[in-house]
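Quick note: the coordinates plus some simple rules give every number you see, no bench work behind them. Predicted, not measured: the structure shown is a model, and the values here were computed from it. A quick note on method: Cβ atoms are made from the backbone with ideal geometry, for glycine too, and the neighbour counts reach across all protein chains shown.
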Amino acid sequence: MTITEPPTPQAEPVLRSAYQQSIAEYWNREKDPVNIKLGEVDGLYHHHYGIGDYSPDVLTMPAAERDSAIIAEMHRLETAQADVLLEHLGAIDAADRVLDAGSGRGGTSFMVNQRFGCQVDGVSISESQVNFANTQAAQRGVGKQVRFHFRNMLDTGFDAGSVRAIWTNETTMYVDLQQLYSEFARLLQHGGRYVCITGCYNDLTGGRSRAVSQIDQHYICNIHPRSEYFKAMAANGLAPIAVTDLTAATIPYWELRERSSVATGIEKAFLTAYREGSFHYLLIAADRI
Ligand code: GPP
Ligand code: MG
């Protein structure tokens, strides 16, 4: 009797569902001035929001300077948000490897590499974002240290125990948290740190408010309730060490954004959701135990 080898299993496709394909299409097409013009301020392209007070002077500047001053101020607040995320990553050595899960155009990855000198891998299901971010890495001269991959954060293919830290900067609303944290638990070294900044809805107010549903619809995402984060972390060996409610700190960013030339129309929904208490802007840092 001859034993035939089973055929080599085909590598799983990066995009696993019609839903993931629609998200990839959205981000492959996205060239919104609210992200591009802000990124052009200093070459750090973010895909997250801002925190901290803005300088009221930008609103009373002469018309010719006003618009670019507001854009620079919004960019400063977005970079301040990423700085807070970095402060929660713990001790990272230059020899460490870290993962940006949902890396967008690379802004947070470059800041982490600049601060810690470590190797950063970013994953995104948008090939346009991956190409954009890799071009940025080459231009910045950090192409050997900061690499972006067309991979799915639910199944990165990276080795178990290979990363010291992982962060998700406003990306978890696109995925199932149990699946995500099961993958993170596999990737993180014992004692490795996970930092999440997210918008989540308030379990206490009972389900998704109208404003939260509008945000979901705008970005084709599924905002999770606050409680879901802690359940999924606990179930996957991630023990929270810090939880910071950034809601009050992000409201000025949205107020400024609403008055800017790059407003996208979603500003009112964020302001309503935050002010009525149906939605929180949360940072959670957790250790892999
Ligand atoms: C995108 O940032 C962030 C999301 C799509 C996730 C939604 C976030 C929540 C907190 C619910 P972006 O910078 O690409 O968005 P925009 O184009 O609106 O600035
Ligand atoms: Mg943006």
When the convex hull of the Cα atoms of segment 200-289 is projected onto a plane and the area is averaged over all directions, what value comes out in nm²?
-> 6.3
Take 108, 244, 198 and order them by how many other Cβ atoms sit within 10 Å, fewest up front.
-> 244, 198, 108
What is the spread of the Cα atoms of the chain along each of their three principal axes, largest first, in whole Å?
-> 85, 48, 37
What is the magnitude of the charge dipole of the chain about its Cα centre, with +1 placed on the Cβ of each Lys and Arg, -1 on the Cβ of each Asp and Glu, and no other charges, expressed in debye to the nearest 20?
-> 200
Report, in cubic angstrom per residue, the convex hull volume of the C-alpha atoms of segment 122-256.
-> 145
Residue exposure sequence - 55, 182 - by fewest surrounding Cβ within 10 Å = 55, 182
Normalised per residue, the volume of the convex hull around the Cα set of segment 93-133 (Å³) | 51
Pairs of Cα atoms under 8 Å, at least six residues apart: use those to get the relative contact order of segment 58-213, whole percent.
-> 20
Picking from 252, 62, 225, which is most flexible by a Gaussian network model of the chain using Cα springs under 10 Å?
-> 62
Note down the relative contact order for the chain as a percent, whole number, built from C-alpha pairs under 8 angstrom at least six residues apart.
-> 19
Evaluated over segment 111-196, the Cα radius of gyration and Dmax, each in Å = 13.0, 37
